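Okay, so here's the structure we're looking at.
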Amino acid sequence: MAIKRIYIELTNRCNLDCEMCFRHTWGTLEGDINLNLLKSIREQVKELPALEQVFLGGIGEPTVHPQFKEAVELFAEYELLITSNGIMSEDNARDNQKFIVPLKNIR
Ligand code: SF4
């Protein structure tokens with residue numbers, strides 16, 4: 001079976017602390033994926049000819065990753081799926097708005 005979608009968790013950190021979040025049940029260290037690892041993944045997915053979608057999400061809030069913009073740019077040729085709580089600091093929103101707003105299908 002050909003791989004059409006991959007999932008990359010950019011971070012398990014979040015800018016919120018919702019009471020019901022299952023992250024409260026963890027003892028897991030928080031952290032961000034390294035940009036060099038992202039670049040390595042980008043090279044490796046070239047060997048997946050059927051790949052159509054890259055999902056940037058997971059447990060944490062992907063927009064808090066310090067290189068979120070670079071991650072989006074790295075995989076821009078694919079259909080990008082991103083989960084977000086939609087909450088950003090003013091600085092983060094200003095930095096991200098140029099490339100987030102043009103994204104299609106924001107739900
Ligand atoms: S936004 Fe999601 S990941 Fe972040 S604290 Fe709330 S429930 Fe947890």
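Every read-out reported here was derived from the displayed coordinates using simple, explicitly stated rules and does not represent laboratory data. Treat the numbers as computed from the prediction; the structure is a model and nothing was measured. Glycine also receives a Cβ, built like all others from the backbone with ideal geometry; neighbour counts cover every protein chain displayed.
Full extension from Tyr7 to Ile41: what is 0.36 nm times the residue separation minus their Cα-Cα distance, to one decimal in nm?
On the way: separation 34, 0.36 × 34 = 12.24 nm, distance 1.09 nm.
That pair, Tyr7 and Ile41, stretches by 11.1 nm at full extension.
What order do you get for 23-29, 7-13, 42-48, 73-79 when each peptide is scored by the mean count of other beta carbon atoms within 10 Å, highest first?
Details: 23-29: 8.7, 7-13: 17.4, 42-48: 12.0, 73-79: 15.0.
Going by the mean number of other Cβ atoms within 10 Å, highest first, we get 7-13, 73-79, 42-48, 23-29.
Given a Förster radius of 30 Å and the C-beta distance between Ala93 and Trp26 as r, what FRET efficiency does 1/(1 + (r/R0)^6) yield to the nearest 0.05?
0.60
Just to confirm a number: summing +1 for Lys and Arg and -1 for Asp and Glu over residues other than Leu37 whose beta-carbon lies under 14 angstrom from that of Leu37, what do you get?
Numbers: positive: Lys39, Arg42; negative: Glu9, Asp32, Glu43, Glu70.
Cβ neighbours under 14 Å give a net charge of -2.
Glu79 to Leu16: extension gain in nm, 0.36 nm per residue of separation minus the Cα-Cα distance?
Details: separation 63, 0.36 × 63 = 22.68 nm, distance 2.68 nm.
Extra length available between Glu79 and Leu16 comes to 20.0 nm.
Separation of the range 43-78 and the range 1-24 by C-alpha centroid, Å?
Measuring centre to centre over Cα atoms gives 13 Å.
Does anyone have the angle between helix 90-100 and the longest principal axis of the chain? Alpha-carbon axes, 0 to 90°, nearest 10?
So the inclination is approximately 20 degrees.
Enter the mean projected area of the convex hull around the alpha-carbon atoms of the range 5-100, in nm², rounded to one decimal.
Details: hull surface 26.4 nm².
Over all viewing directions, the range 5-100 projects a mean Cα-hull area of 6.6 nm².
Over the chain, what relative contact order in percent results from Cα pairs under 8 Å that are six or more residues apart?
Numbers: 129 pairs, mean separation 37.1, N = 107.
Rounded, it is 35 percent for the chain.
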